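Remarks on the structure that follows.
The values are calculated or read from the model by the stated rules, or taken from the named source; none is laboratory data. Because the structure is predicted, anything quoted here is derived from the model rather than measured. All Cβ positions, glycine included, derive from the backbone under ideal geometry; neighbour counts span all protein chains shown.
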Amino acid sequence: GELSDGIAALEWCVNNGVQVASMSWGAYDEPISQSFQDACADAYANGVVLVAAAGNEGPGTNTVNQPALYDSVIAVAAVDETDSWAFFSSTGPAVEVAAPGVSILSTWPGGEYETYEGTSMACPHVSGAAALIIASGITSPSAVRQRMQQTAQDLGAPGRDEYLGYGLVRADWAAGNSDVIVTGIDPRIGSSNEVVSATISGLGFQPG
């Protein structure tokens, strides 16, 4: 795809009242696109929480890709099964939070499931957490972002760092205090036949 496709998608989100845009993709080895950066800033200003994969370029001075690199976007790093920084995950001051990105069970064409790794697999976890925060009554992108930062589980070096940002996103802590039961497939168990239940706070309804 082209960056113009991403710009068109963001414009569609704004025009159709989308509240969270999950961007498990990025532009590699390209100069910063002012038009794409402006499109993200416009979407953010119009109420869209922007979440993007930080990239899989590993450590360095700043290896985060665009759009995750932009100020208006939440850059998501990846952790492994031990909640440690995944060796491939891009690093830099733009990294905001982290989520599971190793051995993640995902859908595949033909009704199948496959396991993958990458910050593209971590990104949707954060997008889902953002949706739970919005459902709890916190709706502005800046407030959603602040809530996510404040409730992240600090990992590694104390405080924000360039590997995991503020830490591991905790949807249960971020969503509030009302208990609900969510049942589904744990993305890290590796089998579509195993089902787990988890208590998540803050919504007051029970999904089917």
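Take Leu132 and tell me if it is in contact (Cβ under 8 Å) with a residue 60 or more places away in the chain, crowded, with 17+ Cβ neighbours inside 10 Å and under 14 Å from the mean Cα position of the chain (by Cα). So Leu132 passes the test. The residue that is nearest to Val64 (Cα to Cα), counting only those in the range 100-111 that are in contact with a Pro (Cβ under 8 Å, 6 or more places away or on another chain) and among the aliphatic types (A, V, I, L, M), is Ile104. Every condition in (1) under 15 Å from the mean Cα position of the chain (by Cα); (2) surrounded by 23 or more Cβ atoms within 10 Å (Cβ to Cβ); (3) aliphatic (A, V, I, L, M) holds for Ala39 except the one numbered (1). Against the definition (modelled with pLDDT of 95 or more, of a type in the set (Phe, Trp, Tyr), within 23 Å of Leu50 (Cα to Cα) and out of contact with any Lys or Arg (no Cβ under 7 Å at 6 or more places or on another chain)), how does Tyr116 come out, yes or no? Judged against the criteria, Tyr116 is not a match.
Determine which member of the set Ala152, Ala94, Ala78 is touching a residue at least 40 places away in the same chain (Cβ under 8 Å), under 25 Å from Ala39 (Cα atoms) and surrounded by 15 or more Cβ atoms within 10 Å (Cβ to Cβ). Talk me through it step by step, then tell me what you get.
Values: Ala152 fails: under 25 Å from Ala39 (Cα atoms); Ala78 fails: under 25 Å from Ala39 (Cα atoms).
The conditions single out Ala94.
Taken over the range 17-32, the residue count meeting the criterion of being over 11 Å from the mean Cα position of the chain (by Cα) and either over 14 Å from Pro67 (Cβ atoms) or not in a loop (DSSP other than H, G, I, E, B) (or both) is 5. Screening the candidates Ser106, Ser90, Ser127 for the property of being part of a helix (DSSP H, G or I) and either touching a helix residue (DSSP H, G or I) at 6+ places or on another chain (Cβ under 7 Å) or among the small types (Gly, Ala, Ser) (or both) yields one hit, Ser127. Number of residues in the range 45-75 that are buried (at least 22 other Cβ atoms within 10 Å of the Cβ) and either in contact (Cβ under 8 Å) with a residue 40 or more places away in the chain or not in a loop (DSSP other than H, G, I, E, B) (or both) equals 13. Summed over the range 89-108, residues that are of a type in the set (Phe, Trp, Tyr) and in contact with a Cys (Cβ under 8 Å, 6 or more places away or on another chain) total 0.
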